[in-house]
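Notes follow once the structure below has been shown.
A short reminder: the numbers here are calculations on the coordinates, not readings from a lab. Here the structure is a predicted model, which is why all the values come from computation and not from measurement. We place every Cβ from the backbone using ideal geometry, glycine too, and count neighbours over all the protein chains shown.
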């Protein structure tokens, strides 16, 4: 609706009747069940593509040790052996919030997959492990 209000202050040559009618139809569709379903479907499609891309990276990636992977491992296993459940949950929540798999075994894959180095660095920043 804000777009229509702003456009109402324009000259007719800059905001034609067909353009205005098109905006009204868009406004109407956005407020209908059909419009809501279309938005949900579009969002779900984008989420699925992102999840599929992340899964492909995990499956096809090469595995290696990195500083970021080692740091995150130390975050969830401070003594090197015992899992700190609170820190594990924080990492899993970060992974979930950022579109990564959180099923059993997902953390080791996240920590060692070579293609996820950028994501690990971001996780360290977001979890404030660099401070």
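Key figures
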read-out	value
P(r) weight above 16 Å for region 1-57, C-alpha pairs, percent	59 percent
Principal-axis tilt of helix 85-97 within the chain, Cα atoms, nearest 10 degrees	30 degrees
Calculated diffusion of the chain, Stokes-Einstein form, Kirkwood radius summed over Cα pairs, 20 °C and 1.002 mPa s, µm²/s	118 µm²/s
Cα-based helix-to-principal-axis angle, 67-76 vs the chain, degrees rounded to 10	80 degrees
Euclidean distance between Cα centres, region 86-131 to region 1-54, Å	35 Å
Tensor-based shape of region 84-131 (alpha-carbon gyration tensor, a/c under 1.5 rounded, otherwise prolate or oblate)	oblate
Region 51-126, relative contact order [Cα under 8 Å, separation at least 6], %	48 percent
Gain in span if fully extended, residue 47 to residue 79, counting 0.36 nm per residue against the direct Cα distance	7.9 nm
Stretchable slack from residue 27 to residue 56, in nm (0.36 nm times residue separation minus alpha-carbon distance)	6.7 nm
GNM top mover of 34, 121, 12 - the chain, alpha-carbon springs below 10 Å	12
Using alpha-carbon coordinates, inclination of helix 117-126 to the longest axis of the chain, degrees	80 degrees
Within a Gaussian network of the chain (alpha carbon springs, distance under 10 Å), most fluctuating of 105, 31, 69	31
Sorted by Cβ density within 10 Å, fewest first, the residues 114, 81	81, 114
